[in-house]
Structures are given as C-alpha cells and as structure tokens.
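The next block holds one structure in the form of structure tokens; read it before the comments.
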Amino acid sequence: PEQSNVTSYADTAVAIVITLEVFAGLWINAFIVSVICMAWVKRKTLNSNEKILLAVGCSRFWFLCISWVYSIFLIIYPYYLYVHPIFPLLNSAQNFFNCSNLWFSASLCVFYCIKIANFRNSFFIYLKVKIDGMVPWLLLGSVLFSLAIGIIAYNIMDKALSNNLNFTCQGRISKASVRIDQQFLPHYFIIGFGHATSFTAVILSALLLLFSLWRHKRNMQTNSMKDLSMDAHIKAMKSILSFFIMYSIN
C-alpha cells in the first residue's frame, strides 16, 4: 500500500508538471493565433508569412492538446487509454499535428530564406517572385502529407493492436506471434522520412540565409549606416535557429 501511495503521488506530480507546461505553451500559441486573427479581421487579408504563422500556431495548439490528453491518460487513467479505438486515434492525431507542425515550420524557414536571401540565380529569382502564390499550396501539401501520415499511423497501429498485441490490466503491451519491430517498421520509416525531409529543408534554409548574410555584410563593410537588409537577415536567422533547435529535439 505504501509503495502504491508513493507511485500515486509521483504520477500526480508528473501530471501537474505536464499540465503546467502544456498550458503555458497553449497560452503562447493561442496569443499568436489571436493576434493574427485580429489583424485578419481588420485588414481583411493576410500576407504570406502570417498565413504560415497562423498554421504553425494552430497546429502547435492542437498538438499540445492531444499530447496532454495522451499523457494524462497514460499516467493517471491507463485502463481507459488502452481501449482499442482510443489508443490508435490519439496516436494518429498526435502524429498528424506533430507532422503538420514540423512541415509548417519548415515552410516558414524556406519562405524566409527565399524572400530575404540575395542570390542572382535565375531559379532563385523565379522563386522569390512566385513564393507568395506558392504559400497556400505549400500549406495544403503539408496538410495532405500530415493527413496521410496520420491515416497510415492509425492503420498500422490498429492492425498491430488488433492482430498481434494484447493489453494486460496494468496497461502493458505484451508481444504475440509477430515481432513488434516488424509491425511498426513502416510506421517509423515513414515518420522518420517526413522528419528528415523537413529537417533538411530547415538546415538548407539556414545555411543559404547565413551565406547570404555573410556575403551581404562583406559587400556593405564600407557603408557605416545601418542596413535594413542585414537586420532582416538577422531576424530571420533568429527564427530559423529556434526552429532548428525544435527539430533537433524531435
């Protein structure tokens, strides 16, 4: 009984800490979304980076919500989590919002790179001119890809749990006739591929923007006045650095 009470207190403490962290993240993203929405109402339109930021804020908000529900069930109510429809649905929703968040962030990094970096390559100039019209398609493609990831995650998890896994009363997964790694290998491969592709886009955007900043600074060394383009480079690099840290953790 004493060990059970200690475990219960520890689980409650972890649940409280997770709740505080999640609500802090929810407040920040809700604030970002509300500010962009108020600007949308006033101006009746949004520019391209505001559209991407709105998508990032919404995806992060719902990802935190789903992750909080999943964590609370996992810690406090494991019996309710390990019911056949609930676990695949939560896992699928978590994969969808996490993947969309990463792809929206990668799209924002690519957008900053194309709009701010100064290169005279014809293809890069073409992208600079067309990028505003490409943003809705980038967002739509990110949603469709994330939706495909969520559906695949649900199908694989549902099939694995239905045919090959049994849940005990303690909420632990026991292995049946087929090895678990063989069942979940396609799931992990697809998610890993999506993460690696978007991560590569962030790294390339950061490197190109850094090179453009270095070259622009070298050209402006003789000019003592403050340069607006350099300020834009630095602000974009700060944003991309934050996304790089987030991607590295993922």
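Derivation of every value follows stated rules applied to the coordinates shown; laboratory data play no part. Since the model is a prediction, treat every value here as computed from it, not as a measurement. Every residue, glycine among them, receives a Cβ derived from its backbone with ideal geometry; neighbour counts consider all protein chains shown.
On the basis of the beta-carbon distance and an R0 of 35 Å, Ala24 and Lys130 show a calculated FRET efficiency of 0.35. If the limit is 22 Å between Cα atoms, which of Lys42/Lys238; Lys128/Lys235; Lys51/Lys238; Lys51/Lys115 go over it? Check vs 22 Å cut-off fails for Lys42/Lys238. Listed values for the range 32-47 are Karplus-derived 3J(HN,Hα) couplings in whole Hz (6.51 cos²θ - 1.76 cosθ + 1.60, θ = phi - 60°), namely 4, 5, 5, 5, 5, 5, 5, 5, 5, 5, 5, 8, 6, 7, 10, 7, and x replaces Gly and Pro.
Peptide packing: for 111-120, 97-106, 187-196, 57-66, the average count of neighbouring Cβ atoms within 10 Å per residue gives the ranking 97-106, 57-66, 111-120, 187-196, highest mean first.
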